[in-house]
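Notes follow once the structure below has been shown.
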Amino acid sequence: MQAHRTKATVTMISGRNGSRLRPRGQTREGSSASCRFRMGKAGLALVFLSVAGCSGIKAPVPTDPDSLAEYKAANDPYEPLNRKTFNLTMKFDKWALRPVAKAYVWTVPRPVRNSLGNMITTMNEPSVFFNDVGAGKPRRAGDAFVRWCLNMTVGIGGLIDVAKMAGYPHHDNDAGLTLANWGISSGPYLFLPMGPSSFRDGIGYGIDQGLSPWNYVPRGYGLISFNWAYNMFGVVHGRSEHLDDLDALERDALDPYATIRSAYQQQRKAQAEALKNDHRATVPAWYQ
Amino acid sequence: MIFQAGRRIVLGSLALACAGLLVSMPARAAQDPRTFIQTFGNTLVSIVNSPIPLGEKKVKILPLVQQNVDIDAIGRFCMGRYWKLATPEQRQTYLSLFHDVLVNTIIDKLGAYRGVTFTIGDVSKSGDLDAVQTTLVLPQQPPADVKWIVSYESGAPKVVDMVGEGASLRMTQRGDYEAYVGRNGGDVASLIKALKKQVAAHTAAATSTD
């Protein structure tokens, strides 16, 4: 009976509504070309080592019909690799992210946390807007646009969700869903370090980075530092929202990996359907 | 003592009266899933909101859930393809454990709260099942949209699933159980053992905090 709990876990380690940013240009600071080359080589060697260290990346395809049906339903051919990533992520979560998130909840009162959460949501609004446009949903795009304009001005940089009070509640969108709306299927399931994903949603994650204006901030004026702080804070805040859910999942699920996989796949499917079936008119009801 | 016994009798007779009411009106309720969920939800929420210890809440919630939720059907569904491989004894043990697991989950989720409210939204139909949309509000938490799936297969309306943010509870649970049994060599006994351990751990945690 964990569906209700696990719904939250799908965004668990990723902050800012499922997207975590890595500011561009950061590597440029203070790193010479040769240094980068050395680091690149070391990184490549590390990847090879870890790949070699994995006993298997792909799970063998079962032969008996029942197991085969289950294998197909799970849509997870890279399960051995995914499970390794999952275990590593959970270890990191246990020893680093969860304690930090707990400390954050303990020190920062809820109203302040709510405001900061509003800010994170508002700052992601441009990415939601571009995706709404890409998905061909003008009403949603309009909502996102109004939310951005209202919250960034009257809402003091997003700290107060004025738009919600004005009748424009937040809705989520990301490039994975936009691609889904274009009829692209999810592809195999993937567990990435930032949380559950799939081939399509992983690519979507990359597109979202490109769509977010915060990744284009120029160097100087402390903007890059602000961006890093904002991103890391987004991750901690995102995790703090799901402390109880994930604790319950770890306690109750016999196989947390499979539980998260199932909940994530169902949730993405439902989100894609909801986006597809949103045919609301762009004009307000009183105008029609 | 006398007060306690008196209260128990009063509450017991109240519960009986409620149960009697529910039994006497399945035909009416069968036509209206909204009324069914409203009645079930109100009773559940009134127990959750009452100022009694968790242990007592559980004692009261168990019969209510057994009355209104088709726990056996959900249990069968959750075991997935291993249901037909299980022996009759295994099935029975599993189902009785599953009753505990399900009620424990409800208690864990709602038990500690006071001031839980819920509102009923749209009712839609999908095949033989009715889906009743509700919004559950827990104190200090954002409101949660939960869809209750009601089936009439057993003659009376019974809840067979809950859908929260697109994820079906029984589907997710089936994913969990099937994967667990699959990774333990397809042995149903491993699932029963794990559930026993889980129920025991829950009881131990509950008694230590009481």
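If you check B:LEU138 against the conditions, is it away from chain A (no Cβ under 14 Å) and surrounded by fewer than 19 Cβ atoms within 10 Å (Cβ to Cβ)?
Spelling it out, it is not the case that B:LEU138 is away from chain A (no Cβ under 14 Å) and surrounded by fewer than 19 Cβ atoms within 10 Å (Cβ to Cβ).
Is there a residue in the stretch B:67-78 that is under 25 Å from A:HIS242 (Cβ atoms) and over 12 Å from the mean Cα position of the chain (by Cα)?
yes
Determine which member of the set A:ASN124, A:ASN131, A:ASN114 is open to solvent by less than 10 Å² (accessible area, probe 1.4 Å) and at pLDDT below 95.
Of the residues listed, the single one that is open to solvent by less than 10 Å² (accessible area, probe 1.4 Å) and at pLDDT below 95 is A:ASN124.
Could you tell me whether B:THR35 is without any contact (Cβ under 8 Å) to a residue 12 or more places away in the chain, open to solvent by 10 Å² or more (accessible area, probe 1.4 Å) and part of a helix (DSSP H, G or I)?
For B:THR35, the condition - without any contact (Cβ under 8 Å) to a residue 12 or more places away in the chain, open to solvent by 10 Å² or more (accessible area, probe 1.4 Å) and part of a helix (DSSP H, G or I) - is met.
Whether any residue in the stretch A:157-176 is more than 20 Å from A:LEU275 (Cβ to Cβ), crowded, with 22+ Cβ neighbours inside 10 Å and in contact with a helix residue (DSSP H, G or I) (Cβ under 7 Å, 6 or more places away or on another chain) is what I want to check.
Yes; the residues of the stretch A:157-176 include at least one that is more than 20 Å from A:LEU275 (Cβ to Cβ), crowded, with 22+ Cβ neighbours inside 10 Å and in contact with a helix residue (DSSP H, G or I) (Cβ under 7 Å, 6 or more places away or on another chain).
What residue, among those in the stretch A:45-72 that are open to solvent by 80 Å² or more (accessible area, probe 1.4 Å) and at pLDDT 85 or above, is farthest from A:ALA263 (Cα to Cα)?
A:THR63
Surrounded by 12 or more Cβ atoms within 10 Å (Cβ to Cβ), more than 12 Å from every other protein chain (Cβ to nearest Cβ), at negative phi and modelled with pLDDT of 50 or more - does that describe any residue in the stretch A:19-28?
no
Would you check which residues across the stretch B:193-210 are modelled with pLDDT of 90 or more and either touching a Cys at 6+ places or on another chain (Cβ under 8 Å) or surrounded by 15 or more Cβ atoms within 10 Å (Cβ to Cβ) (or both) and list them?
Correct list: B:ALA194, B:LEU195, B:GLN198, B:VAL199.
Cβ-Cβ under 6 Å, sequence separation 6+ or interchain: first residue in the stretch B:67-83 and more than 10 Å from every other protein chain (Cβ to nearest Cβ) and free of Cβ contacts under 8 Å to residues at least 40 places away in the same chain, partner open to solvent by 10 Å² or more (accessible area, probe 1.4 Å) and in a helix (DSSP H, G or I). Which pairs?
Correct list of pairs: B:ILE71/B:HIS99; B:ASP72/B:LEU95; B:GLY75/B:LEU95; B:TRP83/B:ARG76.
Look at the stretch B:49-66 and say how many of its residues are of a type in the set (S, T, N, Q), farther than 12 Å from B:HIS99 by Cα and not in a loop (DSSP other than H, G, I, E, B).
Qualifying residue count for the region: 1.
Pick out the one residue from B:SER190, B:SER154 that is surrounded by fewer than 20 Cβ atoms within 10 Å (Cβ to Cβ), farther than 22 Å from A:LEU249 by Cβ and either within 13 Å of another protein chain (Cβ to nearest Cβ) or touching a residue at least 60 places away in the same chain (Cβ under 8 Å) (or both).
Step by step, each of B:SER190, B:SER154 is checked, and only B:SER154 is surrounded by fewer than 20 Cβ atoms within 10 Å (Cβ to Cβ), farther than 22 Å from A:LEU249 by Cβ and either within 13 Å of another protein chain (Cβ to nearest Cβ) or touching a residue at least 60 places away in the same chain (Cβ under 8 Å) (or both).
To keep it simple, each residue is scored yes or no on (1) touching a helix residue (DSSP H, G or I) at 6+ places or on another chain (Cβ under 6 Å); (2) among the hydrophobic types (A, V, I, L, M, F, W, C); (3) surrounded by fewer than 18 Cβ atoms within 10 Å (Cβ to Cβ).
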position	(1), (2), (3)
B:THR87	no, no, yes
B:TYR94	yes, no, no
B:THR105	no, no, no
B:ARG114	yes, no, yes
B:PHE118	yes, yes, no
B:GLY121	no, no, yes
B:LYS125	no, no, yes
B:ASP128	no, no, yes
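Which of the numbered conditions does A:LEU190 fail, given that it passes all the others? Conditions: (1) farther than 14 Å from A:MET123 by Cβ; (2) more than 14 Å from the chain's Cα centre (by Cα); (3) at pLDDT 95 or above; (4) open to solvent by 30 Å² or more (accessible area, probe 1.4 Å).
With respect to (1) farther than 14 Å from A:MET123 by Cβ; (2) more than 14 Å from the chain's Cα centre (by Cα); (3) at pLDDT 95 or above; (4) open to solvent by 30 Å² or more (accessible area, probe 1.4 Å), A:LEU190 is out only on (2).
What number of residues within the stretch A:251-276 satisfy the criterion of being of a type in the set (D, E, K, R) and in contact with a Pro (Cβ under 7 Å, 6 or more places away or on another chain)?
Of the residues in the stretch A:251-276, 1 are of a type in the set (D, E, K, R) and in contact with a Pro (Cβ under 7 Å, 6 or more places away or on another chain).
Scanning the stretch A:89-111 for residues that are of a type outside the set (D, E, K, R) and surrounded by fewer than 13 Cβ atoms within 10 Å (Cβ to Cβ), which turns out nearest to A:VAL162 (Cα to Cα)?
Among them, the one singled out is A:PRO111.
Looking only at the stretch A:164-209, filter to residues that are in contact with a Lys or Arg (Cβ under 6 Å, 6 or more places away or on another chain) and free of Cβ contacts under 8 Å to residues at least 40 places away in the same chain; which one of those is nearest to A:HIS242 (Cα to Cα)?
Among them, the one singled out is A:TYR168.
Give just the number: which of (1) surrounded by 13 or more Cβ atoms within 10 Å (Cβ to Cβ); (2) over 20 Å from the mean Cα position of the chain (by Cα) does B:HIS99 not satisfy?
Here B:HIS99 clears every test but (2).
Considering each residue of the stretch B:62-76, count those that are small (Gly, Ala, Ser) and surrounded by fewer than 21 Cβ atoms within 10 Å (Cβ to Cβ), and give that number.
1
Can you name the residue in the stretch B:157-187 that is on the phi > 0 side of the Ramachandran plot, within 11 Å of another protein chain (Cβ to nearest Cβ) and free of Cβ contacts under 8 Å to residues at least 40 places away in the same chain and is also least open to solvent (accessible area, probe 1.4 Å) among such residues?
Top of the filtered list is B:GLY166.
The values are calculated or read from the model by the stated rules, or taken from the named source; none is laboratory data. Being a predicted model, the structure only gives us computed values, none of them experimental. Cβ: placed from backbone, ideal geometry, glycine included. Neighbour counts: every protein chain shown. Remember, those area values only see protein heavy atoms, side chains included, never the ligands or the DNA or RNA. Shrake-Rupley method; radii C 1.70, N 1.55, O 1.52, S 1.80 Å.
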